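Down below is the structure, laid out as structure tokens.
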Amino acid sequence: MKEERKKVLEMLVEGTISVEEADVLLDILQEPGEGESGDFGEKLKDGLKKTKESIRKAKEKLQKEIERLELRKKTERSLEMLSEALDRAEEKLKLAAEKIKEKYKKREDA
């Protein structure tokens with residue numbers, strides 16, 4: 001079991017697993033008489049349950065982050081579209097102002 005414990009610690013150092021996941025795995029690998037005693041199958045089942053819960057929490061966190069990023073992208077796109085619409089409106093106003101100036105100039109000249 002020492003090799004398995006060493007592998008768990010290596011995975012922790014490499015960042016492959018979190019501290020919580022390493023703790024669960026080390027608990028599973030703990031040999032009877034080394035502290036807690038009990039059935040390996042029960043420990044494995046409990047460890048898997050804890051790991052499943054950790055994965056579920058990580059998944060929820062990731063989904064929230066994705067939703068936040070998607071909302072940000074949508075907001076940025078909406079702002080781009082609004083800016084483009086304002087640019088078009090400004091151009092139309094300039095054209096309308098030029099036409100009005102021309103009409104007033106023609107009236108003054110007449």
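Just a yes or no: is a residue in the stretch 45-61 more than 21 Å from GLU20 (Cα to Cα), part of a helix (DSSP H, G or I) and of a type in the set (S, T, N, Q)? So far as the stretch 45-61 goes, no, none of its residues is more than 21 Å from GLU20 (Cα to Cα), part of a helix (DSSP H, G or I) and of a type in the set (S, T, N, Q). Is one or more of the residues making up the stretch 19-35 among the β-branched types (Val, Ile, Thr), within 30 Å of ARG5 (Cβ to Cβ), at pLDDT below 90 and not in a helix (DSSP H, G or I)? Looking through the stretch 19-35, none of the residues is among the β-branched types (Val, Ile, Thr), within 30 Å of ARG5 (Cβ to Cβ), at pLDDT below 90 and not in a helix (DSSP H, G or I). Could you check, for the stretch 73-87, whether at least one of its residues is modelled with pLDDT under 95, surrounded by 10 or more Cβ atoms within 10 Å (Cβ to Cβ), among the aliphatic types (A, V, I, L, M) and closer than 30 Å to SER18 by Cβ? Taking every residue of the stretch 73-87 in turn, none turns out to be modelled with pLDDT under 95, surrounded by 10 or more Cβ atoms within 10 Å (Cβ to Cβ), among the aliphatic types (A, V, I, L, M) and closer than 30 Å to SER18 by Cβ. Might you check whether a residue that is among the charged types (D, E, K, R), at pLDDT 90 or above and more than 21 Å from the chain's Cα centre (by Cα) occurs anywhere in the stretch 54-64? So far as the stretch 54-64 goes, no, none of its residues is among the charged types (D, E, K, R), at pLDDT 90 or above and more than 21 Å from the chain's Cα centre (by Cα).
The values are calculated or read from the model by the stated rules, or taken from the named source; none is laboratory data. Just so you know, these numbers come straight off a predicted model, no measurement behind them. Neighbour counts are summed over all protein chains in view; Cβ atoms, including those assigned to glycine, are modelled from backbone coordinates with ideal geometry.
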